[in-house]
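In what follows, a single structure is set out as structure tokens and then discussed.
The values are calculated or read from the model by the stated rules, or taken from the named source; none is laboratory data. From a predicted model like this one, the values you see are computed outputs, not experimental measurements. Quick reminder, even Gly has a Cβ in these numbers, built from the backbone with ideal geometry, and neighbours come from all protein chains shown. These accessible areas exclude ligands, DNA and RNA; they are computed on the full protein's heavy atoms, side chains included. Shrake-Rupley method; radii C 1.70, N 1.55, O 1.52, S 1.80 Å.
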Amino acid sequence: MSQFSWIDYPVSPELGAIAHGPLLLSDSNGYRVGLRYLIAYRNVMDMALTVSASGLKSAELAAQFRTTSAQFRTTYVAADLPSVGTSEGGFSTWVVSPELNIYTERSSQNPHTEEGHYVREFSYVINGRPTGAFLEIEYRWPTIGLDRTRVVLEIPPARALDEAIVPI
């Protein structure tokens, strides 16, 4: 994990509470999308999503990132989407709650291997926390055939998360 410099300046003296994960979100067209973790802090959430493929789809997924530069990373509000989202290399993610914003913190990858497997992990910062016990996210990657998918994650109530956060 990172130093979490995005939480506060200086780094917040707490260990976040596990709000959800891991969970397979979709398995479609040879691509799997999974939630690695969703961690809650007092003012933000940290989320990691992975996209993986095997066989021929692995090479196709790896090809999406041959040009690895900041030109792929954008933050925008799209008219047909309910909230602020981020996109990197064509993989777009949104938090449905209009009061929450999401930003791509970083992404990492394992190379396309001889065994034909590729995994790309996207780490996000969600500014704020939902007021209820659900977090709705959407993602899509039209270039590789991943249609717009909405996932509703059930998370512990705010009080339970606050009690589980460990001060350090």
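Exactly one residue among V84, V77 is open to solvent by 30 Å² or more (accessible area, probe 1.4 Å), at pLDDT below 90 and closer than 19 Å to E136 by Cα, and that residue is V77.
This table checks each residue for (1) surrounded by 15 or more Cβ atoms within 10 Å (Cβ to Cβ); (2) modelled with pLDDT under 70.
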residue	(1), (2)
S69	no, yes
V96	yes, no
R120	yes, no
G128	no, no
T131	no, no
T143	no, no
A160	no, no
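Here S108 fulfils each of the conditions (1) at pLDDT 90 or above; (2) under 14 Å from the mean Cα position of the chain (by Cα); (3) open to solvent by 50 Å² or more (accessible area, probe 1.4 Å) apart from (1). Against the list (1) within 17 Å of the chain's Cα centre (by Cα); (2) open to solvent by 70 Å² or more (accessible area, probe 1.4 Å), the condition Y139 fails is (2).
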